[in-house]
Amino acid sequence: MTSAEGEIEIVLADSPPCARCGGSTVLAARFPHRWQNGSGQDVHGIREAVLCGVCDQGPPVVNELLALFAGQEQFGPGGLARLGELLDRWLAQAQQVQADEERLDRERLLWVRGEL
């Protein structure tokens, strides 16, 4: 897949475990990402988003993807087109997720104290 920023890699086999629950994930996507550092310069990198069947349930596009991968929906003649459309919608949401700065600060403090 591609986006305006570059190539998107979809990983279906051996996707990494969920960072939230430690369980298995359905898929992972790696995509270009950029942000501005403290000096205002663009920094380019790669982000990864995973789709967890436990933690991510709820949004309609996620539920549809999970149903498709669980075999609850038929993967008929239009299956690849449907999968592509669902992945596009999921990625549009996943790419907008921002880091939880407060959680990062708490974890950094725990790490500095040797408690993490």
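Going residue by residue through segment 80-91, is there one that turns out to be in contact with a Pro (Cβ under 9 Å, 6 or more places away or on another chain) and open to solvent by less than 80 Å² (accessible area, probe 1.4 Å)? Yes, segment 80-91 contains at least one residue that is in contact with a Pro (Cβ under 9 Å, 6 or more places away or on another chain) and open to solvent by less than 80 Å² (accessible area, probe 1.4 Å). Checking segment 94-109 against the condition returns no match, with no residue being touching a residue at least 60 places away in the same chain (Cβ under 8 Å) and touching a helix residue (DSSP H, G or I) at 6+ places or on another chain (Cβ under 7 Å).
Of everything in segment 54-64, what is within 13 Å of TRP90 (Cβ to Cβ) and touching a residue at least 12 places away in the same chain (Cβ under 8 Å)? Give them in sequence order.
Answer for segment 54-64, where residues must be within 13 Å of TRP90 (Cβ to Cβ) and touching a residue at least 12 places away in the same chain (Cβ under 8 Å): PRO59, VAL61, VAL62, GLU64.
Report, by residue number, each residue of segment 15-43 that is touching a residue at least 12 places away in the same chain (Cβ under 8 Å), open to solvent by 70 Å² or more (accessible area, probe 1.4 Å) and under 14 Å from GLN95 (Cα atoms). ARG30, ARG34, listed by residue number.
The values are calculated or read from the model by the stated rules, or taken from the named source; none is laboratory data. Just so it is clear, the structure is predicted and the values come from calculations on it, not from any experiment. Here the Cβ is made from the backbone with ideal geometry for all residues, glycine too, and neighbour counts use every protein chain on show. Protein only, heavy atoms only, side chains kept; ligands, DNA and RNA dropped before computing areas. Shrake-Rupley method; radii C 1.70, N 1.55, O 1.52, S 1.80 Å.
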